[in-house]
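Quick notes on the structure that follows.
The values are calculated or read from the model by the stated rules, or taken from the named source; none is laboratory data. Owing to the predicted nature of the structure, the values given are computational and were not obtained by experimental measurement. Note: ideal-geometry Cβ built from the backbone for every residue, glycine included; neighbour counts use all protein chains shown. Heads up: the accessible areas ignore ligands, DNA and RNA and are worked out on the full protein's heavy atoms, side chains in. Shrake-Rupley method; radii C 1.70, N 1.55, O 1.52, S 1.80 Å.
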Amino acid sequence: MSLTQPVGSDHQLARLLQIGIVLEEVVEARSAKHAEETGDELDPDVIELLEHASTESADHRRRLEELVDDLEADTVAFEEIEMLVEAQYESDEDFDGVLYDQLCNEETAYKFYDDLIEAIEASDVSFSVDRERLLDVLSDIRAEEAEGVEEVTDLMEAQQ
């Protein structure tokens, strides 16, 4: 399955949305972990950013789950999807700090949604979920990820 090709079925769309859900879980978990483990050492603005990122990822996950529920497709076991996300999207521990890690997470999520939207728009398949609603939800999430990239970048510049 590749995001360089049009989405060809409800099953493929469900699997891609599940990848988004797990990706959001990774971002949520990493943000919460950074805030918890390094909270005493971090600037209050950084802690606020991490808490916001965690809350936003939980909201994104909920919205994606609603889309998956509306699809009339068999889903893939989350363990299978989680392994794929860990292999391709999870951040390494080698980043030079919490903000760099968060920037990578935000950029990765943005790129995933951008590619997914492009693959859906290139498809001529009728999905069992309303295409306009699907694209609206994904576009909103992508825009929020872009805002996250900008917020992290601004905070990084302010701390230099």
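Would you mind putting 21-30, 143-152 in packing order, based on average other-beta-carbon counts within 10 Å, highest first?
Numbers: 21-30: 21.8, 143-152: 17.8.
Going by the mean number of other Cβ atoms within 10 Å, highest first, we get 21-30, 143-152.
Leaving ligands, DNA and RNA out of it, report the carbon-plus-sulfur percent of the accessible area of segment 115-160 at a 1.4 Å probe.
Working: 1020 of 2560 Å².
Carbon and sulfur together cover 40 percent of it.
Which order do E37, E107 take when ranked by solvent-accessible area (1.4 Å probe, heavy atoms of all protein chains), largest first?
Working: E37 120, E107 90 Å².
My answer, sorted largest first, is E37, E107.
If you stretched the chain out fully between D45 and R133, how much longer would it get, using 0.36 nm times the residue separation minus the C-alpha to C-alpha distance? Show your work: numbers first, answer last.
Values: separation 88, 0.36 × 88 = 31.68 nm, distance 3.41 nm.
Stretched out fully, the D45 to R133 stretch lengthens by 28.3 nm.
Report H60's accessible area, 1.4 Å probe, all protein chains in place, as a number in Å² to the nearest 10.
0
Under the 0.36 nm per residue contour assumption, what length would be gained going from the current alpha-carbon distance of E37 and M156 to full extension?
Values: separation 119, 0.36 × 119 = 42.84 nm, distance 1.95 nm.
Additional length available on full extension: 40.9 nm.
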